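Here the structure comes first, spelled out in structure tokens, and everything after it is commentary.
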Amino acid sequence: MIQKNYPLQKLNSFGLEAYASEFVEVSNEAELREIIALGRELKILGGGSNILLSGDVKTLLVKNNFKGIEVVNEAGDDILVKAAGGENWHELVLWSIERNFCGIENLSLIPGTVGAAPIQNIGAYGVELKDVFYALEAVDLKNGAIRIFNSEECKFGYRDSVFKQELKGKYFISSVTFKLSLSAHFKIAYGDLKTILGDHTLTLKAVSDAVIKIRTSKLPNPAEIGNAGSFFKNPVIPIHQFRTLLEKYPELPSYPAPSSDMVKIPAGWLIEKAGWKGYRKENIGVHEKQALVLVNYGGGKGSEIYQLAQEIKADVLEKFGVEIEAEVNVW
């Protein structure tokens with residue numbers, strides 16, 4: 001049932017007060033097709049953890065409530081797991097760990113839904129969704145036709161996919177199938193994982209618990225302070241530019257990039273070095289422990305957070321000559 005002037009404050013992790021002129025929840029393809037048949041402009045909402053509501057949503061907002069997780073094939077060590085788009089991502093990770101299915105333990109506690117995960121090509125601690133992706137099923141929002149996308153068709157990039165580019169807003173992701181493994185292939189070299197795990201016996205749960213410990217120590221809980229996690233992507237710059245920056249800032253950290261002539265550097269370091277960490281203006285600001293995180297302390301507006309993001313981008317560009325991009329989707 002379509003509801004009018006629907007409040008969205010509890011449906012976005014920034015906790016911003018905004019309204020959808022019309023709102024509906026769908027739990028299956030039949031319900032979704034009924035909505036598509038109306039011929040209206042639609043926006044799709046997952047967990048609301050990676051969006052910034054800069055104002056009210058003027059279109060019909062459709063909440064993805066598709067549910068269900070199942071093993072669809074087993075072949076040797078390989079397990080194909082199909083999860084509905086409305087499932088909570090972290091719940092899927094826990095479900096997999098309980099069954100000793102390896103592959104997504106490093107992606108523990110990432111907020112949001114399964115359907116949103118490939119759009120963003122979520123990643124953390126040396127693992128990206130594309131590493132375990134098999135296929136996804138999506139519904140065309142113009143005609144209700146079902147299309148299967150393989151990895152190549154998704155055009156995965158760093159926090160990017162075809163669904164953020166040429167197919168943005170054109171499909172509803174109803175399910176995602178992952179290729180997991182019964183054999184553990186632990187990836188613990190990234191960040192503080194190795195240090196926290198220490199001499200512990202490596203298990204999927206131990207790795208997951210370590211990731212959760214790191215994330216909760218660095219990132220504020222949206223239930224306590226409104227935020228969408230990391231607001232900016234880590235920029236990837238030419239190696240000659242990186243070397244120039246190193247001459248002035250020898251402590252600048254770096255990470256490997258997909259191309260050998262490029263280097264990834266932490267946006268959080270640039271923002272903190274520029275003096276923004278802990279900045280606060282009335283009800284919004286930059287988190288005191290993590291400069292990558294913009295926050296709503298309560299009563300802030302999405303337009304104010306957006307303006308702050310623009311000021312930070314401009315300052316980082318001026319100080320370092322590096323352009324940083326938002327990871328969060330601005331509505």
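When the residues of the stretch 77-93 are narrowed to those that are in a helix (DSSP H, G or I) and touching a residue at least 24 places away in the same chain (Cβ under 8 Å), which ends up farthest from residue 46 (Cα to Cα)?
Filtering the stretch 77-93 for residues that are in a helix (DSSP H, G or I) and touching a residue at least 24 places away in the same chain (Cβ under 8 Å), the one farthest from residue 46 (Cα to Cα) comes out as 93.
Only one residue in 123, 144 is of a type outside the set (A, V, I, L, M, F, W, C), open to solvent by less than 70 Å² (accessible area, probe 1.4 Å) and without any contact (Cβ under 8 Å) to a residue 40 or more places away in the chain, so which one is that?
123
Just give me the residues in the stretch 276-301 being under 17 Å from residue 234 (Cβ atoms) and assigned to a loop (DSSP other than H, G, I, E, B), in sequence order.
Across the stretch 276-301, the qualifying residues are 276, 277, 287, 290, 291, 292, 293.
Output the qualifying pairs, or none if there are none: Cβ atoms under 8 angstrom, residues six or more apart or on different chains, first residue in the stretch 272-292 and farther than 12 Å from residue 315 by Cβ, second residue at pLDDT 95 or above and among the polar types (S, T, N, Q).
Final answer for the pair search is 283/296; 284/296; 287/227.
Considering only the stretch 47-83, state which residues are over 21 Å from residue 21 (Cα atoms), open to solvent by 10 Å² or more (accessible area, probe 1.4 Å) and among the small types (Gly, Ala, Ser).
68, 75, 76
Please specify each residue of the stretch 234-261 satisfying the condition of being open to solvent by 30 Å² or more (accessible area, probe 1.4 Å), of a type outside the set (S, T, N, Q) and within 23 Å of the chain's Cα centre (by Cα).
Within the stretch 234-261, 236, 253, 255, 256, 258 meet the criteria.
Considering only residues that are in a loop (DSSP other than H, G, I, E, B) and open to solvent by less than 40 Å² (accessible area, probe 1.4 Å), which ones fall in the stretch 12-46?
Those that are in a loop (DSSP other than H, G, I, E, B) and open to solvent by less than 40 Å² (accessible area, probe 1.4 Å): 12, 13, 14, 15, 16, 18, 46.
Name the single residue, out of those in the stretch 302-331 being assigned to a loop (DSSP other than H, G, I, E, B) and either out of contact with any strand residue (DSSP E or B) (no Cβ under 8 Å at 6 or more places or on another chain) or free of Cβ contacts under 8 Å to residues at least 12 places away in the same chain (or both), that is farthest from residue 235 (Cα to Cα).
Out of the qualifying residues, it is 321.
Which of the residues belonging to the stretch 204-221 are open to solvent by 60 Å² or more (accessible area, probe 1.4 Å) and not small (Gly, Ala, Ser)?
Selection gives 205, 209, 213, 216, 218, 221.
The values are calculated or read from the model by the stated rules, or taken from the named source; none is laboratory data. Note that this is a predicted model, so its numbers are computed, not measured. Positions of Cβ are backbone-derived with ideal geometry, glycine not excepted, and every protein chain shown enters the neighbour counts. Note: areas computed on protein heavy atoms with side chains; ligands, DNA, RNA excluded. Shrake-Rupley method; radii C 1.70, N 1.55, O 1.52, S 1.80 Å.
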